[in-house]
Amino acid sequence: MTSALQLGTLDNMSTLESDTPSQQVADTVASVIGERRTTKRFVAPEQRHIQAASLSEAESATLKRMLRIAGQAPFHKPAAKIHCSATLSSPVPWRFHVVERGACTRLVDWLEQQAASGIEPWPRAWASKIPALLSAAGAAVLVTWLPAADPAADDTRSTTGGTEFSLANIEIVAAAGAAVQNLMLMAQAEGWDSYWSSGGSLREPDTFDHLGMARIERLLGAIMLTPRDHPVDKSIGGGLFDKRGDYTDWTRYVDI
Ligand SMILES: Cc1cc2nc3c(=O)[nH]c(=O)nc-3n(C[C@H](O)[C@H](O)[C@H](O)COP(=O)(O)O)c2cc1C
């Protein structure tokens with residue numbers, strides 16, 4: 001029997017006949033992976049207080065479930081001790097900093113106050129899409145990766161930030177990326193939209209301080225998660241969504 005993942009298109013995946021329980025599981029997994037897509041949801045920042053003040057109890061519980069399952073990502077080595085505290089004690093090489101609906105609104109308020117100072121990068125940050133994304137988000141999960149060595153540089157904005165691009169760090173970023181993908185797949189399965197943003201002004205050291213995030217962590221992305229029935233002004237998909245081609249365009253079988 002042809003498996004769902006051997007088939008080329010999503011349409012084919014959804015019309016598969018499932019004749020065994022394990023095939024049904026494979027089909028469900030294939031449809032969750034195949035149907036996930038970036039959805040950037042925007043609400044004008046001045047409309048932010050019109051949104052629900054907080055997630056409902058049920059939505060909050062759903063979010064917790066997504067976060068828990070997302071952690072089932074592979075990781076190679078325990079995080080350096082410097083990253084482990086009494087509350088965030090796990091050896092996994094990533095951290096999730098969850099900015100839930102109410103906190104998203106307060107973060108937009110803070111960004112507006114920062115912009116009022118007139119000092120860059122804040123006016124530019126206020127003019128970026130981050131305030132509109134936060135204004136629409138059910139939650140923004142700021143995912144960091146935890147450098148293997150104690151980084152000398154103190155610059156959370158940088159993608160390398162003085163942190164060596166070593167095999168250890170590459171594997172840490174890869175593990176954190178797997179956790180992010182798990183999170184977005186769970187969002188898809190739960191009927192929430194998701195969007196992996198590089199984070200813009202959320203990378204700023206001052207933003208890290210404001211959110212209680214350690215500067216030695218590195219931001220991998222700001223993952224916007226929102227129940228699909230929440231209000232939205234505008235939503236758009238990922239620019240590269242239909243550019244990936246078929247798997248044969250990035251896969252070769254080794255012929256030896
Ligand atoms: C590490 C990473 C960072 C990303 N950052 C941004 C971003 O800052 N802005 C943006 O518009 N899309 C960003 N994206 C989303 C991509 O645009 C999107 O994944 C791509 O267009 C493919 O679309 P799809 O997710 O619907 O398959 C990012 C994706 C990844 C993996």
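Over 32 Å between Cα atoms: which of K81/K129; K64/K234; K81/K243 fall into that group? Write down the numbers at each step before the final one.
On the way: K81/K129 36 Å; K64/K234 26 Å; K81/K243 41 Å.
Distance filter (> 32 Å) returns K81/K129; K81/K243.
For the chain, what is the accessible area per residue in Å² when the probe is 1.4 Å? The partial results should precede the final answer.
Details: 13740 Å² over 256 residues.
Averaged over the residues of the chain, the accessible area is 54 Å².
Order the following by accessible area, largest value first: Y247, Y253, Y195. Probe radius 1.4 Å; ligands, DNA and RNA are ignored.
Values: Y247 85, Y253 180, Y195 20 Å².
Highest to lowest solvent-accessible surface, that is Y253, Y247, Y195.
Quick check: from the Cα gyration tensor, does segment 37-237 come out rounded (a/c under 1.5), prolate or oblate?
On the way: a/c = 1.95, a/b = 1.25, b/c = 1.56.
Because a/c hits 1.5 or more and a/b fails to exceed b/c, segment 37-237 counts as oblate.
Can you tell me the FRET efficiency between R252 and A149 if r is taken as the Cβ-Cβ distance and R0 is 35 Å, rounded to the nearest 0.05? Spell out each step's value before the answer.
Values: r = 35 Å, r/R0 = 1.01.
With R0 = 35 Å, the Cβ-Cβ based efficiency is 0.50.
Considering only Q188, Q114, Q23, give the residue with the highest GNM mean-square fluctuation for the chain, with springs between Cα atoms whenever their separation is below 10 Å.
Q23
Please list, by residue number, everything in segment 56-77 whose backbone N is under 20 Å from a paramagnetic label point 7 Å out along Cα→Cβ of E171.
From segment 56-77, the list is 71-77.
For segment 194-256, rounded, prolate or oblate, judged on the Cα gyration tensor with a ≥ b ≥ c (square roots of eigenvalues), a/c < 1.5 rounded, else prolate if a/b > b/c?
Working: a/c = 3.48, a/b = 1.51, b/c = 2.30.
Since a/c reaches 1.5 but b/c is at least a/b, the shape of segment 194-256 is classed as oblate.
Ranked from the most accessible area to the least, with a 1.4 Å probe and all protein chains present, what is the order of W196, W145? If you can, show how the numbers build up before the last one.
Details: W196 90, W145 20 Å².
Putting W196, W145 in descending order of accessible area: W196, W145.
At T20 and L211, where each label point lies 7 Å from the Cα along Cα→Cβ, what is the point-to-point distance in nanometres?
4.4 nm
Where does each of K40, K81 land when they are ordered by accessible area, with a 1.4 Å probe and the largest first?
Numbers: K40 35, K81 170 Å².
Correct descending sequence by accessible area is K81, K40.
Check D193: other-chain or 5+ apart residues with amide H under 5 Å from its amide H, H built from backbone geometry?
Amide H neighbours of D193: T226, R228.
Helix by helix through the chain, keep the DSSP H runs that span 27 Å or more along the axis on Cα and average at least 1.0 on Kyte-Doolittle, and give those back in order. Mind dumping the intermediate values first?
Values: long enough: 167-189 (33 Å, 1.27).
Span-like helices here: 167-189.
Provide the FRET efficiency to the nearest 0.05 for the A86-E120 pair, computing r from the beta carbons and using R0 = 30 Å.
Values: r = 37 Å, r/R0 = 1.23.
Using R0 = 30 Å, I get an efficiency of 0.20.
For the chain, what does the helix formula give at 222 nm: sum of -39500 (n - 2.57) over DSSP H segments with n ≥ 4, over the residue count, nearest 500 deg cm²/dmol? Please list the in-between numbers first.
Values: 8 runs with 92 residues, N = 256.
Calculated at 222 nm, the ellipticity per residue is -11000 deg cm²/dmol.
Of all accessible surface on the chain at a 1.4 Å probe, what whole percent is carbon and sulfur? All intermediate terms of the calculation are to be shown ahead of the outcome.
Working: 7540 of 13740 Å².
It is 55 percent, rounded to a whole number.
The values are calculated or read from the model by the stated rules, or taken from the named source; none is laboratory data. Model, not experiment: these values are computed from the prediction. Cβ sites come from the backbone with ideal geometry, for glycine too, and all protein chains shown count toward neighbours. To get the accessible areas, we keep the full protein, side chains included, count just its heavy atoms, and leave off ligands, DNA and RNA. Shrake-Rupley method; radii C 1.70, N 1.55, O 1.52, S 1.80 Å.
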